[in-house]
Amino acid sequence: MTDDNVDRLLSGWVEARPDLELGDLQVTARLSRIGAHLARRQEAVFGRFGLGRGEVGALSALRIAGPPHRLSPTQMGRGLMLSSAGVTSRIDRLEGRGLVRRLPDPNDRRGVIIELTDEGLRVVDEAAAANTVSERQLLQRLDPDEAATLERLLRKLLGGLELPE
């Protein structure tokens, strides 16, 4: 295999600080770079629908909630790891485009429920399908066994970072 940007970066650190053990960075630095590349790819795909990754995340949360595709802002924020202000700004943008609507919460006079509109359902389904194609193209670089091994290893790493709900 040829050297990549991480190899070049770490070789600079080896010269500057030979006392540091940098072996783990061979993995974590690559994961970090892959994350940034994935984010850019997803932004490009979702941008074709006039959406950002965060907006697709909000629409997706409603989509997978199942019919009638409704969640409280608190439920949405918990699932997306967002503050209430973050949820509100996303919902404002999506509501302005007619992709979601706010309904009165029948259990709380002061609260609202967010509902996916028919247009929101159509758009999130199309955006998710387009993203699936993009992700499949990326992972075609791996054979099925490599992809399965990578998935197991990433699941193990992520499990150490995220607590079960």
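The values are calculated or read from the model by the stated rules, or taken from the named source; none is laboratory data. Nothing here was measured: the structure is a model prediction, and the numbers come from that model. Because the Cβ atoms are built from the backbone with ideal geometry, glycine has one as well, and the counts that use them run over all protein chains shown. To get the accessible areas, we keep the full protein, side chains included, count just its heavy atoms, and leave off ligands, DNA and RNA. Shrake-Rupley method; radii C 1.70, N 1.55, O 1.52, S 1.80 Å.
Some points to look at:
- In the stretch 98-118, residue nearest to the chain's Cα centre (by Cα) [restricted to those that are among the basic types (Lys, Arg) and surrounded by fewer than 15 Cβ atoms within 10 Å (Cβ to Cβ)]: 102
- Checking each residue in the stretch 5-30 for being open to solvent by 40 Å² or more (accessible area, probe 1.4 Å) and either touching a residue at least 24 places away in the same chain (Cβ under 8 Å) or within 30 Å of residue 119 (Cβ to Cβ) (or both) picks out 5, 30.
- Of the criteria (1) open to solvent by 40 Å² or more (accessible area, probe 1.4 Å); (2) without any contact (Cβ under 8 Å) to a residue 24 or more places away in the chain, which one residue 49 fails: (2)
So that you can scan it fast, the table gives a plain yes or no per residue for (1) of a type outside the set (Phe, Trp, Tyr); (2) at pLDDT 95 or above; (3) exposed (fewer than 12 other Cβ atoms within 10 Å of the Cβ):
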| position | (1), (2), (3) |
| --- | --- |
| 120 | yes, yes, no |
| 125 | yes, yes, no |
| 134 | yes, no, no |
| 139 | yes, no, no |
| 145 | yes, yes, yes |
| 149 | yes, yes, no |
| 155 | yes, no, yes |
| 159 | yes, no, yes |
| 162 | yes, no, yes |
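- Complete set of residues in the stretch 52-97 that are in contact with a strand residue (DSSP E or B) (Cβ under 7 Å, 6 or more places away or on another chain), within 10 Å of residue 116 (Cβ to Cβ) and either open to solvent by 70 Å² or more (accessible area, probe 1.4 Å) or not in a loop (DSSP other than H, G, I, E, B) (or both): 59, 61, 62, 63, 68, 70, 71, 94
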